[in-house]
Every structure is written in structure tokens, then in C-alpha cells.
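I have placed the structure first, in the form of C-alpha cells, so that the comments after it can refer back to it.
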Amino acid sequence: MQPRPTLSPRSRVIAKVGLVLTLACGGLAAAPGAQAAAGPYERGPAPTNSSIEASRGPFATAQTSVSSLVTGFGGGTIYYPTDTSQGTFGAIAISPGYTARWSSLSWLGPRLASQGFVVIGIETNTIYDQPDSRGRQLLAALDYLVQSSSVRSRIDSSRLAVAGHSMGGGGTLEAARSRPSLQAAIPLAPWNLTKSWSTVRVPTMIIGGETDSIAPVSSHSEPFYSSIPASSEKAYMELNNASHFFPQSPDTTMAKYMISWMKRFIDDDTRYEQFLCPRPSGLAIEEYRDTCPHA
């Protein structure tokens, strides 16, 4: 199968509006779980709760190391689907937190890649880098992926995203503010001295921990979320009884909603809206807020 054509951001917006008008005017309604006609960026089978909660998704993956001698960040590891029959994939750069290395989050690499993304987990230039530096390094890692990496032919350069933990989460917000062309951002227990993110337009899901004492949600995640304009796609999920370090071990709830958010906004895959709207709930979730415009 030949790779599917890549649409410009303008064409993607026109396509989305056309789909909404068609559904509204034609009176069409999809039954729960039904699969609509595939969009140009959909990758993999129709999702289920089981498929996005699994430790591995439908794609086999491989990985390759990135030298610390690259420009702009400290190297890292790339995880990617081995399948080339479905066209190119979106890509995600992820930063660890203050004093941490990529190994603290490395479970996320193959988990996200197996759902149909190219993922680069970065090492920062120093383990003490602040959020603004981590944000620049995330963007440098994305540039490396699409311009120089050995997997660049597998990546759609118009469908890129960032994520990170702690100061890496703060850096995720910095990157989203600096590069509005990004398709998604997910700060995890984010820490940043800057509290207002009123210029962020990138679809952003912030995930915080209820018992976080290092980046308390009351002074970090919650004001960050509130400061992003309601006109932007955004969500806030607070994990029940979770500490600052919840991203450093496999967490099914966190991964499930990261996958759903990335699929929805990197891949324009509306099959994942069912997991985001109406608002999710459960014992693992203390609180959930979002704009939920597609419900």
C-alpha cells in the first residue's frame, strides 16, 4: 500500500468542517462502537478499552539510540512501529524531569509506539536543566527526528507532539507556547514558575497527582490548566492518591488517556473521542475537567 497523502493544516481544518456539516445535514448517527470511514491519519484497528489499556498496542516496535553528540539536546532513544504499510506516523518527544534520566520514563516509549507513533525519549543536556531549556530541547528533538534521524521517512512532519514529567512537563508547556503548530501536548505532574499559559493554542492535556508535594496541583497543574484559554482544546486529569512520581512506573490510567489524546489530536482519529467525551470517571481519577467540544 502506498503511503497516504499528507494534508496541509488548512486542508485538515476544511476536512473536519466538511465532516461536521455532512453529519449535521445528513442526520447521520454512528452507533456506539461503530467505525466510521477511515480518516487519512487513522492507524491501527478500531480502539476498545482493552486495546488502549493493554501494555502493548497492535504495532510491533523497534528502537534505536541517539548519540549525545547531537545538537540541541542530550541524545536519547527512539521507538517506532516496524510496519510501513499504513503510511507515515505522528511523532512525540518526551522529556524526563529535574535530575532524572529517560530511563525513569522509558516504559512509555514502546507503549506509545505500539499504538502507532514514533517516540523519542530524550536525555537533557544536563540533569539540572530548567523548564525553558527542556522545552527548547523537546523541539530540537522533534527537528532531529524529522530532519536527520534514521526513521525520518516514517514520520509525518506536520503531526508532532510533546510530553514530559515535572520540569519536563513545564518544558512541554514552554514548547507548546513556542510552537503553536504542534498537534498535542501532555505535561505530566508539571512544574514551572510561570503560572499563566494564556497564549497556548496547542491541544493540551495536563495530568496531575492528588498527593503531589513537589508540584502541588493547586499551585501548578490546576492554574496551568485554568490559564489556557477555553477556546483551546484542553483537559485536566488528577489521579487519585498519586504522588509526584506517578509517571515513573507503568500507569494504565495515565497511558490510556495519553494514547486517547494523542490519537485524537495527532492523528485526527475521532474513534478515540469516546474515551474523552463524555468526561471519564473511575476510582483512579480524582477529578477530570475539559472543554469536551466534540461531545
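The values are calculated or read from the model by the stated rules, or taken from the named source; none is laboratory data. The shown structure was predicted, so the numbers you read here are calculated from the model rather than taken from an experiment. Positions of Cβ are backbone-derived with ideal geometry, glycine not excepted, and every protein chain shown enters the neighbour counts.
Residues to consider are Ala141, Ala161; find the one that is of a type in the set (Gly, Ala, Ser) and under 19 Å from Pro203 (Cα atoms).
From the options Ala141, Ala161, the qualifying one is Ala161.
Considering (1) in contact with a Ser or Thr (Cβ under 6 Å, 6 or more places away or on another chain); (2) surrounded by fewer than 18 Cβ atoms within 10 Å (Cβ to Cβ), say which one Trp107 fails and leave the rest.
(1)
If you check Ala295, Ala242, Ala284, which single one turns out to be aliphatic (A, V, I, L, M), modelled with pLDDT under 95 and on the phi < 0 side of the Ramachandran plot?
When all the criteria are applied, what remains is Ala295.
Kindly indicate whether Ser68 is of a type in the set (Ser, Thr, Tyr) and closer than 24 Å to Thr204 by Cβ.
Judged against the criteria, Ser68 is not a match.
Among Arg101, Arg154, Arg159, which is the only one that is among the charged types (D, E, K, R), surrounded by fewer than 22 Cβ atoms within 10 Å (Cβ to Cβ) and within 18 Å of Asp267 (Cα to Cα)?
Working: Arg101 fails: within 18 Å of Asp267 (Cα to Cα); Arg159 fails: surrounded by fewer than 22 Cβ atoms within 10 Å (Cβ to Cβ).
The conditions single out Arg154.
Condition check: on the phi < 0 side of the Ramachandran plot, modelled with pLDDT of 50 or more and in a strand (DSSP E or B). Does Gln63 satisfy that? Explain how you work it out, then say what you get.
Numbers: on the phi < 0 side of the Ramachandran plot: yes; modelled with pLDDT of 50 or more: yes; in a strand (DSSP E or B): yes.
So Gln63 fits the description; yes.
Go through Arg43, Arg56 for me and flag whichever is out of contact with any Gly (no Cβ under 8 Å at 6 or more places or on another chain), part of a loop (DSSP other than H, G, I, E, B) and surrounded by 12 or more Cβ atoms within 10 Å (Cβ to Cβ).
After applying the criteria, what remains is Arg56.
Would you point out the residue of the range 179-210, among those that are in contact with a Leu (Cβ under 9 Å, 6 or more places away or on another chain) and polar (S, T, N, Q), that is nearest to Glu238 (Cα to Cα)?
Ranking the qualifying residues of the range 179-210, first place goes to Thr204.
Take the range 84-117 and flag every residue that is assigned to a loop (DSSP other than H, G, I, E, B), over 15 Å from the mean Cα position of the chain (by Cα) and over 27 Å from Ser153 (Cβ atoms).
Once the filter is applied, which keeps residues that are assigned to a loop (DSSP other than H, G, I, E, B), over 15 Å from the mean Cα position of the chain (by Cα) and over 27 Å from Ser153 (Cβ atoms), the range 84-117 yields Gly97, Tyr98, Thr99, Ala100, Arg101.
Using the structure shown, decide if Ile155 is under 17 Å from Phe245 (Cβ atoms), out of contact with any Gly (no Cβ under 6 Å at 6 or more places or on another chain) and modelled with pLDDT of 95 or more.
no
Does Val70 qualify as being in contact (Cβ under 8 Å) with a residue 60 or more places away in the chain and over 26 Å from Ala215 (Cβ atoms)?
Criteria met by Val70.
List the pairs whose first member sits in the range 32-53 and is under 22 Å from Tyr80 (Cα atoms), whose second member is at pLDDT below 95 and assigned to a loop (DSSP other than H, G, I, E, B), and whose Cβ atoms are under 6 Å apart, counting only residues at least 6 apart or on separate chains?
Pro40/Arg4; Arg43/Gln86; Ala46/Gln35
Answer yes or no: is there a residue in the range 140-148 that is more than 19 Å from Thr71 (Cα to Cα) and in contact with a strand residue (DSSP E or B) (Cβ under 8 Å, 6 or more places away or on another chain).
Here is the first cut: in the range 140-148, the ones more than 19 Å from Thr71 (Cα to Cα) are none.
Within the range 140-148, not a single residue is more than 19 Å from Thr71 (Cα to Cα) and in contact with a strand residue (DSSP E or B) (Cβ under 8 Å, 6 or more places away or on another chain).
Taking the residues in the range 118-133 that are within 16 Å of the chain's Cα centre (by Cα) and closer than 16 Å to Ser166 by Cβ as candidates, determine which candidate is surrounded by the most Cβ atoms within 10 Å (Cβ to Cβ).
Ile122
Restricting attention to the range 140-147, does a residue exist that is more than 21 Å from Lys256 (Cα to Cα), part of a strand (DSSP E or B) and either out of contact with any Ser or Thr (no Cβ under 7 Å at 6 or more places or on another chain) or at pLDDT below 95 (or both)?
Checking the range 140-147: not a single residue is more than 21 Å from Lys256 (Cα to Cα), part of a strand (DSSP E or B) and either out of contact with any Ser or Thr (no Cβ under 7 Å at 6 or more places or on another chain) or at pLDDT below 95 (or both).
Which one of these does Arg134 not meet: (1) touching a residue at least 40 places away in the same chain (Cβ under 8 Å); (2) under 20 Å from Ser227 (Cβ atoms); (3) in a loop (DSSP other than H, G, I, E, B)?
For Arg134, the failing item is (3).
Of all residues in the range 70-87, which are among the hydroxyl-bearing types (Ser, Thr, Tyr) and surrounded by fewer than 16 Cβ atoms within 10 Å (Cβ to Cβ)? It would help to see each step written out before you state the result.
Here is the first cut: in the range 70-87, the ones among the hydroxyl-bearing types (Ser, Thr, Tyr) are 71, 77, 79-80, 82, 84-85.
Thr71, Thr82, Thr84, Ser85, listed by residue number.
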